[in-house]
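In what follows, a structure is listed as structure tokens, so that the remarks can point back to it.
The values are calculated or read from the model by the stated rules, or taken from the named source; none is laboratory data. Model, not experiment: these values are computed from the prediction. All Cβ positions, even for glycine, are placed from backbone atoms using ideal geometry, and neighbour counts span all protein chains on display.
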Amino acid sequence: MKIKIVPIRAGVGNCYLIIKNMESFLIDTGVEGYEKKIISAIASRGLKLSSLKFIFLTHTHYDHAGNAKVLKKVTGASIIVHQSEAHNLSKGYHQIPNGTTTFFRIISTLGKVFLKSRTRFNAVIPDITFNDTINLDKFGFEGKIVHTPGHTVGSSSLIISDYVFAGDSLFNIMGKVFPPFANDPKGLKQTWKKLLDYRAKYYYPAHGRRLTYEKLQEASDF
């Protein structure tokens, strides 16, 4: 049976519920306060909350990890995150990344000063951490999670079937695909090469609509 992809708008970006054979997993959890919308997305498709096998966080910014604690509690799902960001999750805070252009460097600087309290979220200890790659076969899915740093040091992507879920490693907002924020832009360009090597049919960002392989390849002509 093919997988079903359910995008869930949870604040400023998307979470993705992936369903196969009445079992599921969740990619990111959105901004704190959107847990009911995510729970409704699961239940409205005839799934039990216990069908959620794991919650994968592409990284630990507030708009991705905001509902991780409460969703873990109500579903019993294991939380997976890259080992380099486990401490951010357990303290409920991850600093805003640097900007990749002059304008967004200014926005980043202002955000670090004035929005620190707004970027906090409910802390939770992850169940599973990894360094480079983790296979999903133990959860009954054919796919893997790979380390794709650049936006943050622990940013990671999930590959399943012919799809890549890349978090903030790429965007699709107002024609912009390269992220406006990244702590390591050079490293992120290397990550793009890695993602393109998968030659996936679609690439799903956390912000904006999915991209085709051809669109990402076109945008990677730096």
Within segment 134-145, is even one residue under 26 Å from Tyr34 (Cα atoms) and among the basic types (Lys, Arg)?
-> no
Among Lys53, Lys72, the single one that is in contact with a strand residue (DSSP E or B) (Cβ under 9 Å, 6 or more places away or on another chain), of a type outside the set (Val, Ile, Thr), assigned to a strand (DSSP E or B) and surrounded by 19 or more Cβ atoms within 10 Å (Cβ to Cβ) is Lys53
Ile5 over 17 Å from Asp168 (Cβ atoms), modelled with pLDDT of 95 or more and part of a strand (DSSP E or B) | yes
Considering only segment 163-177, state which residues are of a type outside the set (Val, Ile, Thr), surrounded by fewer than 24 Cβ atoms within 10 Å (Cβ to Cβ), in a loop (DSSP other than H, G, I, E, B) and at pLDDT 95 or above.
-> Phe171
Hey, among Asn135, Asn98, which residue is within 15 Å of His61 (Cα to Cα) and in contact with a strand residue (DSSP E or B) (Cβ under 9 Å, 6 or more places away or on another chain)?
-> Asn98
When Ser40 is evaluated against the numbered criteria (1) touching a residue at least 24 places away in the same chain (Cβ under 8 Å); (2) farther than 23 Å from Ser155 by Cβ; (3) surrounded by fewer than 18 Cβ atoms within 10 Å (Cβ to Cβ); (4) of a type in the set (Gly, Ala, Ser), which criterion, by number, is the only one it fails?
-> (1)
Residue, farthest from the chain's Cα centre (by Cα), within segment 129-156, restricted to residues that are assigned to a loop (DSSP other than H, G, I, E, B) and surrounded by fewer than 16 Cβ atoms within 10 Å (Cβ to Cβ) | Gly140
Give me the pairs, please: first residue somewhere in segment 145-158 and under 17 Å from Ile96 (Cα atoms) and at pLDDT 95 or above, second residue anywhere and surrounded by fewer than 24 Cβ atoms within 10 Å (Cβ to Cβ) and of a type in the set (D, E, K, R), beta-carbon distance under 6 Å, and either six or more positions apart or on two chains.
-> Gly150/Asp184; Gly154/Glu85
Residue match in segment 7-17 (condition: out of contact with any Leu (no Cβ under 8 Å at 6 or more places or on another chain) and of a type in the set (Phe, Trp, Tyr)) = no
In segment 97-128, residue modelled with the highest pLDDT [restricted to those that are hydroxyl-bearing (Ser, Thr, Tyr) and part of a loop (DSSP other than H, G, I, E, B)] = Thr100
Within segment 40-50, how many residues turn out to be more than 17 Å from Phe141 (Cβ to Cβ) and outside any loop (DSSP other than H, G, I, E, B)?
-> 4
Might you let me know whether segment 9-30 holds any residue that is assigned to a helix (DSSP H, G or I) and not hydrophobic (A, V, I, L, M, F, W, C)?
-> no
